[in-house]
Amino acid sequence: MTMFHRKVLQRLLQHKRSSFCLTPTFGKASCSRLVLGIETSCDETGAAVMDENASILGESLHSQKEVHLRTGGIIPTVAQQLHREHIGRVVQEALERSGVTPAQLSAVATTVKPGLGLCLRVGLEFSQRFVRQHDVPFIPIHHMEAHALTVRMLQPVSFPFLVLLISGGHSLLAVARGVDDFLLLGHTLDEAPGDTLDKVARRLSLIKHPQCSTLSGGQAIELLAKEGDGTRFPFRTPMGQTYDCCFSFAGIRNQISMAIMKEEAKEGVQQGTLLKCARDIAAAAQHTVACHLAKRTHRAILFCKAHNLLPSNNPILVLSGGVASNQYIRKALTIITETTGLHLLCPPAKFCTDNGVMIAWNGVERLREGKGILPPDVNVLYEPKAPLGVDITQEVKAAAIKLPSVRMKINN
């Protein structure tokens, strides 16, 4: 054992005295270590206190959605200032609602990668001041790892499993083999699916629609698509001749932008006007994004089966991230999992979006296994860009797996 690991062990033993004692319903007292999770990677300021039994003892979340809707998108400096204004209150609320004091915490887990650098900085600096003030171990968290592991907080899911993480800032396919052990099969080459849907919604000026004025871009697209005819605009899914599991959504957005321009010319209106065919464009955009995600995921499943990366008994695909709350996309992926014999699992919508709970749970998982736990005085850097796990995307591409035809008939 190195001197560094001895110090970490000593810190953990010091905090063993502060384990929180719970009395389960069967009346037998037990002690469980407590983790405070803090999330500031983008536009949500979240904090939560959780025990090792996956009980959420207290949480608080401040969303910046309304501010960014008014400005037409996330402005990093604005997001950073909002995090600074609210992080202290959010953490204090989570602690007060849990009835836990800082002295009772076994660790503080905080998102340090990836995300908007200015926002990550706020959470990291606050956390490092907090752990040093209260002498609590620190656990740096990879945001995508937290999304991938959230499902294990809700139900018993054993490793390995396949995970598709889709949000406003990220999209990737990976095999989760352990708490900190991932094989990266595919990732976005340009923008994320949530970003694409948000930009399409802004280009369609959906915020002017009476049903969509308080919704995010992705939510507005999903709502209007329910009443739209997606076949009216047959957009192509990209990368049809590229046999890997990576994604490209910028090309889809370009197709949609061209279609919008043509429809504006037909209707004789200027940009910024609600089109009569907005519902149909929304339906076609959502369908194309869903099909692209489904096709790349289908190839990932076939690759995993060919290389025995998933168990033969009850293989699982976990879907998580903010875009995972889109029901149409869930249905598209259900078609693929049913075709390939996998079981699709997805956390409830409130746990798909960014929150302090998922960060706290990732901290619990790491605390249990003694992985990535640092003394409070260790300096940590935030990383706006950080891959997840071991990148084997070139191996996937070299396998050149061609997909069988699957009919993507999805009902709204």
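Output the residues belonging to region 78-113 that are surrounded by fewer than 19 Cβ atoms within 10 Å (Cβ to Cβ), polar (S, T, N, Q) and over 22 Å from the mean Cα position of the chain (by Cα).
GLN81, GLN92, THR101
With respect to ASP135, is the statement that it is touching a residue at least 24 places away in the same chain (Cβ under 8 Å), outside the structural domain of ALA54 (by TED's automatic domain parsing) and closer than 19 Å to ALA109 by Cα true?
No: the conditions fail for ASP135.
Any idea how many residues of region 114-141 are surrounded by 23 or more Cβ atoms within 10 Å (Cβ to Cβ) and within 19 Å of ALA174 (Cα to Cα)?
Number satisfying all stated conditions: 2.
Tell me, which helices (runs of 4 or more DSSP H) lie completely within region 313-398 with 3 or more residues that are at pLDDT 95 or above and within 18 Å of the chain's Cα centre (by Cα)?
Working: elements: 327-340, 349-352, 356-369.
By residue number, 327-340, 356-369.
Please verify whether region 297-312 includes one or more residues that are at pLDDT below 95 and over 24 Å from the mean Cα position of the chain (by Cα).
yes
Testing SER60 on (1) modelled with pLDDT of 95 or more; (2) surrounded by fewer than 16 Cβ atoms within 10 Å (Cβ to Cβ); (3) polar (S, T, N, Q), one condition comes back false. Which one is that?
Looking at each condition in turn, SER60 falls short on (2).
Here's a check for you: in region 258-308, which residue that is small (Gly, Ala, Ser) and free of Cβ contacts under 8 Å to residues at least 12 places away in the same chain is nearest to LEU184 (Cα to Cα)?
ALA265
If we only count strands (runs of 3 or more DSSP E) wholly inside region 140-188, which ones have 1 or more residues that are in contact with an Asp or Glu (Cβ under 7 Å, 6 or more places away or on another chain) and not assigned by TED's automatic domain parsing to the domain that holds PHE130?
181-187
Being of a type outside the set (Ser, Thr, Tyr) and in contact with a strand residue (DSSP E or B) (Cβ under 9 Å, 6 or more places away or on another chain) is the filter; apply it to region 217-249 and report the residue that is surrounded by the fewest Cβ atoms within 10 Å (Cβ to Cβ). Let's see the steps before the verdict.
First pass over region 217-249, keeping only residues of a type outside the set (Ser, Thr, Tyr): 217-230, 232-236, 238-241, 244-247, 249.
Pick out the ones that are also in contact with a strand residue (DSSP E or B) (Cβ under 9 Å, 6 or more places away or on another chain) and you get 238-239, 244-247, 249.
Numbers: PRO238: 20, MET239: 17, ASP244: 23, CYS245: 29, CYS246: 20, PHE247: 28, PHE249: 25.
Among those residues, the one meeting the criterion is MET239.
Give region 268-286 a look and list any residue that's part of a helix (DSSP H, G or I) and among the charged types (D, E, K, R), or say none.
Our first condition is that a residue be part of a helix (DSSP H, G or I); within region 268-286, this holds for 278-286.
Result: ARG279, ASP280.
The values are calculated or read from the model by the stated rules, or taken from the named source; none is laboratory data. Keep in mind that this is a model prediction, so the values were computed, not measured. Neighbour counts are summed over all protein chains in view; Cβ atoms, including those assigned to glycine, are modelled from backbone coordinates with ideal geometry.
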